[in-house]
Amino acid sequence: MDKIRIIGGTPLVGTIPISGAKNAALPLMAASLLTDDALTLFNLPYLADIVTMANLLAQHGVSLSMHGDGQGNGYGNGRGVSLDASNIHNLTAPYEVVRTMRASVLVLGPLLARFGAARVSLPGGCAIGTRPIDLHLKALEQMGAEIELLDGYINAKVASRLHGADIQFEKVSVGATENILMSACLADGETILRNAAREPEVCDLAYCLQAMGAQIEGIGTNELRIQGVDRLHGCDYSVIADRIEAGSFAAAAAITGGDVELLGVRAELLHSVIEKFNEAGISVTSTERGIRVKRTGDRIQGIDIMTQPYPGFPTDMQAQMMAMLTLAEGASMVTETIFENRYMHVPELTRMGAKIIVHGSSAMIRGVPSLRGAEVMATDLRASVSLVIAALAAEGETVIHRVYHLDRGYERLEEKLAACGANIERIASRQPAKVEAA
Ligand code: EPZ
């Protein structure tokens, strides 16, 4: 398993190209199942999860052809891929794939809507929580699906065609909104999704579905209305920039006292995160090419953060902001309201000298004057990058183990950071990376 070695203390200065968003690319790839035309996506990030989704779709019968840099944001190395689902011969998403990537469950809705049947492994829990999919299944049953859970698999079928329904989600769920949105595009009649997720990645999926011929109203609000159509056609679509990658690098620039321009991302994607950076004394300004991040005072100021569904502060930025706040002046309070176990980075940050106490869903961070490098363990995607952020400012050497977690969501991380002056290198190992549920 690869490791990453960082010698901290160098302010990050320069430019970082932001890649296409993983959490937009995954549902967009799954949307290819909705049509027998080719769906061409541009600005795809090259990540482990994207490869996993490509392999999953291929075993269903989707043919994929990769090609060079598409119409991405022009700054990253976004790749283009054409997905052709005109010859689907397998409706099963197997456990060995689903257990490595929960987003695999996003093939359930499209397979059911287009073929009337699907057999998808239950994803099981992961490091950050139990992450059930009851909201997905309940909504599909409201649309006429018969769902049976057998031998760890979801066996779903519909006698003729899914029909529209008025669906009220008990809680905001990105994945459930995406699965049902895709199903509703081919259902018979109107579907209303109430308390729908409004994340930019959900909107990206909706805009692409519209370009494929879907009839969707209310994009960007928490109420979506979809008029089902008989078929969708293909289209070309460029994946939105990754706001979480951008926020992660912004936290790295802030903690090192650097000055970095993040290319290809728009400030409005990060409104609630930028508000918190400003509160902490970090200047974030829009430029022609993206956003510029630099610290204003000589120390970061302690702040309070509570994660919420969009447009609130994103849970996927919680670990990264906590890492930055370990060196703040004064105390900070972080409250995680989305997942029940998203503090796996705390013991690792503590090994580096951070002062953090967790009480239930809240963590109190007391700022310390400095961190010290240590051997630490990555446990999940965003916890991993929070260790990188801390290591970039820590005194001395940090070695981060199990960096395959990082590779799931950050494209060319070492390269992008080294280009801004970070002393960072990957230490390749001979053993194959262990695949863990996530
Ligand atoms: C998506 O996961 C993202 N993943 C996550 O990013 C992100 O943290 C999460 O949304 C919240 O923003 C992708 O888009 C691939 P949810 P998802 O359904 O869809 C509960 C990352 O780091 N819930 O919005 O799985 C669930 O347990 C990853 O990039 C149910 O109870 O998240 C959680 O507490 C991590 N029943 C809450 O809702 C359900 O049927 C939000 O989950 C579904 C969800």
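The values are calculated or read from the model by the stated rules, or taken from the named source; none is laboratory data. What you see is a predicted model, and the numbers here were worked out from it, not measured in a lab. So basically every Cβ, Gly included, is an ideal-geometry build from the backbone, and we count neighbours across all protein chains shown. Accessible surface is based on the protein model in full, side chains and every heavy atom, while ligands, DNA and RNA are left aside. Shrake-Rupley method; radii C 1.70, N 1.55, O 1.52, S 1.80 Å.
Please work out which one of (1) more than 20 Å from PHE169 (Cα to Cα); (2) in a helix (DSSP H, G or I); (3) more than 15 Å from the ligand (Cβ to nearest atom); (4) open to solvent by less than 40 Å² (accessible area, probe 1.4 Å) is the condition LEU83 fails and give its number.
Only one criterion is unmet by LEU83, namely (2).
Out of the residues in region 351-380 meeting the condition of being of a type in the set (Val, Ile, Thr) and open to solvent by less than 20 Å² (accessible area, probe 1.4 Å), tell me which one is farthest from the ligand (Cβ to nearest atom).
Within region 351-380, the subset of a type in the set (Val, Ile, Thr) is 356-358, 365, 368, 376, 379.
If we keep only those that are open to solvent by less than 20 Å² (accessible area, probe 1.4 Å) too, we end up with 365, 368, 376.
Values: ILE365: 20, VAL368: 26, VAL376: 18 Å.
The qualifying residue farthest from the ligand (Cβ to nearest atom) is VAL368.
To keep it simple, each residue is scored yes or no on (1) more than 21 Å from MET182 (Cα to Cα); (2) small (Gly, Ala, Ser).
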{"residue": "VAL81", "(1), (2)": "no, no"}
{"residue": "VAL98", "(1), (2)": "no, no"}
{"residue": "LEU106", "(1), (2)": "no, no"}
{"residue": "LEU112", "(1), (2)": "no, no"}
{"residue": "ALA117", "(1), (2)": "no, yes"}
{"residue": "PRO132", "(1), (2)": "no, no"}
{"residue": "LEU149", "(1), (2)": "yes, no"}
{"residue": "ASN155", "(1), (2)": "no, no"}
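Restricting the first residue to region 197-211 and requiring it to be among the acidic types (Asp, Glu), which pairs with a second residue that is part of a loop (DSSP other than H, G, I, E, B) and surrounded by 23 or more Cβ atoms within 10 Å (Cβ to Cβ) meet a Cβ separation below 7 Å and a spacing of at least six or different chains?
Once the first residue is among the acidic types (Asp, Glu) and sits in region 197-211, its partners that are part of a loop (DSSP other than H, G, I, E, B) and surrounded by 23 or more Cβ atoms within 10 Å (Cβ to Cβ) give GLU201/ALA21; GLU201/ILE240; ASP204/VAL239; ASP204/ILE240.
For region 333-345, what are the residues that are open to solvent by 10 Å² or more (accessible area, probe 1.4 Å) and among the hydrophobic types (A, V, I, L, M, F, W, C)?
MET333, ILE338, PHE339, MET344
Which one of the conditions (1) away from the ligand (no atom under 16 Å from the Cβ); (2) over 23 Å from ALA85 (Cβ atoms); (3) among the hydrophobic types (A, V, I, L, M, F, W, C) does ALA113 fail to meet, given that it meets all the rest?
(2)
For region 397-408, give me each residue that is at pLDDT 95 or above, open to solvent by 10 Å² or more (accessible area, probe 1.4 Å) and closer than 13 Å to MET1 by Cβ. Don't jump to the end; show me each part of the working.
If we filter region 397-408 for residues that are at pLDDT 95 or above, which is where we start, we get 397-401.
Still in the list and also open to solvent by 10 Å² or more (accessible area, probe 1.4 Å): 397, 399, 401.
Selection gives VAL399, HIS401.
Which of the numbered conditions does GLY297 fail, given that it passes all the others? Conditions: (1) at pLDDT 95 or above; (2) surrounded by fewer than 18 Cβ atoms within 10 Å (Cβ to Cβ).
Tallying (1) at pLDDT 95 or above; (2) surrounded by fewer than 18 Cβ atoms within 10 Å (Cβ to Cβ), GLY297 fails exactly one: (1).
Does GLU170 qualify as being open to solvent by less than 20 Å² (accessible area, probe 1.4 Å) and within 15 Å of the ligand (Cβ to nearest atom)?
Numbers: open to solvent by less than 20 Å² (accessible area, probe 1.4 Å): no; within 15 Å of the ligand (Cβ to nearest atom): yes.
No.
For region 173-184, give me each residue that is of a type outside the set (D, E, K, R), in contact (Cβ under 8 Å) with a residue 40 or more places away in the chain and within 15 Å of the ligand (Cβ to nearest atom). Lay out the reasoning, then the answer.
Let us first name the residues in region 173-184 that are of a type outside the set (D, E, K, R), namely 173-177, 179-184.
The next check asks that each one be in contact (Cβ under 8 Å) with a residue 40 or more places away in the chain; those that pass are 174-177, 179-184.
Listed by number, the residues that qualify are VAL174, GLY175, ALA176, THR177, ASN179, ILE180, LEU181, MET182, SER183.
Out of region 318-350, which residues are among the acidic types (Asp, Glu), closer than 24 Å to ASN278 by Cα and away from the ligand (no atom under 16 Å from the Cβ)?
Initial filter on region 318-350 (among the acidic types (Asp, Glu)): 329, 336, 340, 348.
Going one step further and asking which of them are closer than 24 Å to ASN278 by Cα, we end up with 329, 336.
Hit for region 318-350 is GLU329, nothing else.
What number of residues in region 229-275 are more than 23 Å from LEU417 (Cα to Cα) and either assigned to a helix (DSSP H, G or I) or without any contact (Cβ under 8 Å) to a residue 24 or more places away in the chain (or both)? Show your work before the answer.
Let us first name the residues in region 229-275 that are more than 23 Å from LEU417 (Cα to Cα), namely 229-238, 268, 271-272, 275.
Still in the list and also either assigned to a helix (DSSP H, G or I) or without any contact (Cβ under 8 Å) to a residue 24 or more places away in the chain (or both): 268, 271-272, 275.
Total meeting the criteria: 4.
Show the residue pairs that are 6+ apart or on different chains and have beta-carbon atoms under 8 Å apart, the first residue being within region 12-27 and at positive phi, the second being away from the ligand (no atom under 16 Å from the Cβ) and modelled with pLDDT of 95 or more.
Cβ pairs passing all conditions: GLY14/VAL260; GLY14/GLU261; GLY14/ALA419; GLY14/CYS420; GLY14/GLY421.
Of these, ALA383, ALA418, ALA394, which one is open to solvent by less than 30 Å² (accessible area, probe 1.4 Å), more than 16 Å from the ligand (Cβ to nearest atom) and not β-branched (Val, Ile, Thr)?
So the residue among ALA383, ALA418, ALA394 that is open to solvent by less than 30 Å² (accessible area, probe 1.4 Å), more than 16 Å from the ligand (Cβ to nearest atom) and not β-branched (Val, Ile, Thr) is ALA394.
Would you confirm, using the coordinates I've provided, whether GLY281 is without any contact (Cβ under 8 Å) to a residue 24 or more places away in the chain and buried (at least 18 other Cβ atoms within 10 Å of the Cβ)?
Values: without any contact (Cβ under 8 Å) to a residue 24 or more places away in the chain: yes; buried (at least 18 other Cβ atoms within 10 Å of the Cβ): yes.
Criteria met by GLY281.
So, in region 119-142, of the ones that are open to solvent by 20 Å² or more (accessible area, probe 1.4 Å) and small (Gly, Ala, Ser), which residue ends up farthest from the ligand (Cβ to nearest atom)?
Within region 119-142, the match that is farthest from the ligand (Cβ to nearest atom) is GLY124.
With ALA165, ALA159, ALA145, ALA187 as the choices, which residue is modelled with pLDDT under 95 and either hydrophobic (A, V, I, L, M, F, W, C) or within 12 Å of the ligand (Cβ to nearest atom) (or both)?
ALA159
If you take the residues in region 282-302 that are part of a loop (DSSP other than H, G, I, E, B) and among the polar types (S, T, N, Q), which one is nearest to the chain's Cα centre (by Cα)?
THR287
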